[in-house]
Every structure is written in C-alpha cells, then in structure tokens.
1. What is the one condition in (1) touching a helix residue (DSSP H, G or I) at 6+ places or on another chain (Cβ under 9 Å); (2) surrounded by fewer than 16 Cβ atoms within 10 Å (Cβ to Cβ); (3) assigned to a loop (DSSP other than H, G, I, E, B); (4) at pLDDT 90 or above that residue 84 does not satisfy?
2. Report, by residue number, each residue of region 31-49 that is under 15 Å from residue 74 (Cβ atoms) and free of Cβ contacts under 8 Å to residues at least 40 places away in the same chain.
3. From the set of residues in region 232-242 that are in contact with a helix residue (DSSP H, G or I) (Cβ under 9 Å, 6 or more places away or on another chain) and part of a helix (DSSP H, G or I), which is farthest from residue 309 (Cα to Cα)?
4. Has region 68-76 got at least one residue that is within 26 Å of residue 174 (Cβ to Cβ), at pLDDT below 95 and touching a strand residue (DSSP E or B) at 6+ places or on another chain (Cβ under 6 Å)?
5. Answer yes if at least one residue in region 105-118 is surrounded by 22 or more Cβ atoms within 10 Å (Cβ to Cβ), in the same structural domain as residue 30 (by TED's automatic domain parsing), assigned to a strand (DSSP E or B) and out of contact with any helix residue (DSSP H, G or I) (no Cβ under 7 Å at 6 or more places or on another chain), and no otherwise.
6. Residues to consider are 306, 293; find the one that is in contact (Cβ under 8 Å) with a residue 60 or more places away in the chain, surrounded by 12 or more Cβ atoms within 10 Å (Cβ to Cβ) and more than 30 Å from residue 165 (Cα to Cα).
7. Which residue out of 27, 50 is under 24 Å from residue 93 (Cα atoms) and either under 25 Å from the mean Cα position of the chain (by Cα) or surrounded by fewer than 15 Cβ atoms within 10 Å (Cβ to Cβ) (or both)?
8. Would you be able to say whether some residue in region 208-231 is touching a helix residue (DSSP H, G or I) at 6+ places or on another chain (Cβ under 8 Å) and either at pLDDT below 75 or exposed (fewer than 14 other Cβ atoms within 10 Å of the Cβ) (or both)?
C-alpha cells in the first residue's frame, strides 16, 4: 500500500506492515527513509542484517530462511535489502505473502516505473508498505537549510537561504552533507556574509538555468561549456535551454525599452516579475548596458530559429543548441 512520508513513523511503530519498499531517484532520501523505518522498529534486542540484491538471487532460500526463523541472539530481526530489482520478485513473494513473522524486511530500490513488478506488488498488497522518494524541491531544500541553522542557533536571512539552495541541487545526502559543512565552517563566526558561504560552496557548485543565462551574456564560454555539459548529463532537453536563454534576453529587452521611454534603470528593474535574484543584480545591469535593443532582437530571433532546427533534427539537437549558445556568448557588443 502507498504511504506518505509523514505517516511513516506512526505506521512502523504500530507494526502495520510486515515489509517496506523505499524507492526513488533521490538516493539520499531513500537511505534516510529506510533508516527511519529501521530506527523506529528496532530496540536493544534487534539484529540488523544487510544483503545485496544479487546475493539473494545467487542463494534463493536465504531471504526466506532469515525472515521466517528466530534470531539466536535477539528478539527480532530487521533484514535490510539494498539495490532491490524486479528479478527478486519471485523470492519476495514466496518469502512474505503467506508468512507471519516478528521480523521486518526493508527493501531499498532506485527509480521504479509504474510497470515495475516490484512496485505493483507492494502497491497492491495490504500488508506491505511502499514509499516513493523524489528529488527535493527548492522549497524542501530551503526548509532543510532553515531547520539546520535553527538547530545550531545560527540566524540566517531569507536571501542567504535562497542563495545556498540554488547551489545545492536536489539529492538529499549531498544537500545534508553540504549544509553540515557550511554550519561547521560558520559555527564559530559571530557574523558571516555571502562570501563566507560561497567559499564553502565553490567546490560543489550545482549549475542551473540562471548560471547558463548569465554565462552567455557575460561572454564566459569556458563556464558555459561546463554548464551545458552538466545540464545535458542531468537529462535537460536542449529546447529547455534555448527557452530559458530567450526569456533572459526578453527581460533585458524589456528593461532597455523602458529606459528608452525615459524610465530609470532601477525603476525598470523593479517592474520585472519575478524580480532579479539579488546575487545577480549587478551582473544583470551589465547585461542591460551591453546587450542593446537591436542585439537582443537578433539574439531572440536566432534562438527561435535554433529551436525549430532542434525539432526537425532531434538526433543532433544537443550539438545545434550548444553551437548557438556558444555563438551568442562570443558576440562582440
């Protein structure tokens, strides 16, 4: 049966399910939720046993023997299975479907499609629990940062929370490790500034669309190559890159047109929705200064043409997109 994250501790405490499947693309969160189950279920008289999926495939009776026998040294056992795959389905079914045991099995798996036999089985069976672990949203990351700083009695502004969140990505164990590193570095400082936090984050920068847009308009081709490569590795579609860049140029164009109508730069910036993130404000002002109206029109037109080319030539769309963005970054004002 599907369960929500907030229900997890209560259900484990009541021993509602005889087994849990924790799966998803967020490996850090999968491990965290598995540990919540283990910590909630176990006591001083609990034996925790770990197996890899392939170990159980090579010895098909091992899981059943462990689950359906008493521990020689403890009252109960928790059997923790790592990297669970669909090929273990028959063994799982045989082990837990018709058996009653004081022991608990926690299965960990990576992302499973709706067609997965394992996922279907745990979603259907009333005595089994399943919890999905997706990547953390930006709001989730901000909450993690805020709570971690509160726990250490460190005050931090909303702007700094936003800045840290933009650098940490979506993978839970990386996020938590980075937050711990930042807090450890800042703990003895009575006051800290953006530069102090950036010093911690500089070696673990997680690039996003803002980094893409600003590297193009800054003319930083080397950084641009690094960003595009990372975004492609994360599975981002080339058209998404092009549209993000087009929106950035549209913002520059809008500010330029307002200034041509006699509105000041700062007033024009205040009218942008959403507003420019404070860390990028000075850079954006430089973009407005360098990328005049006529050049912005040409850049947007080039991006639109490239998007059409990508749609027609999907097999080489990454190369087409990369060339266009690189050419834009090389423009001489």
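The values are calculated or read from the model by the stated rules, or taken from the named source; none is laboratory data. A quick note: this is a predicted structure, and the numbers were derived from the prediction, not measured. No Cβ is skipped: glycine too gets one built from the backbone with ideal geometry, and neighbour counts run over all protein chains shown.
1. The single condition residue 84 does not satisfy is (2).
2. Once the filter is applied, which keeps residues that are under 15 Å from residue 74 (Cβ atoms) and free of Cβ contacts under 8 Å to residues at least 40 places away in the same chain, region 31-49 yields 42, 43, 44, 45, 46, 47, 48, 49.
3. 232
4. no
5. Yes, the conditions are met somewhere in region 105-118.
6. Testing whether each residue is in contact (Cβ under 8 Å) with a residue 60 or more places away in the chain, surrounded by 12 or more Cβ atoms within 10 Å (Cβ to Cβ) and more than 30 Å from residue 165 (Cα to Cα) leaves just 306.
7. 50
8. No - not one qualifying residue is present in region 208-231.
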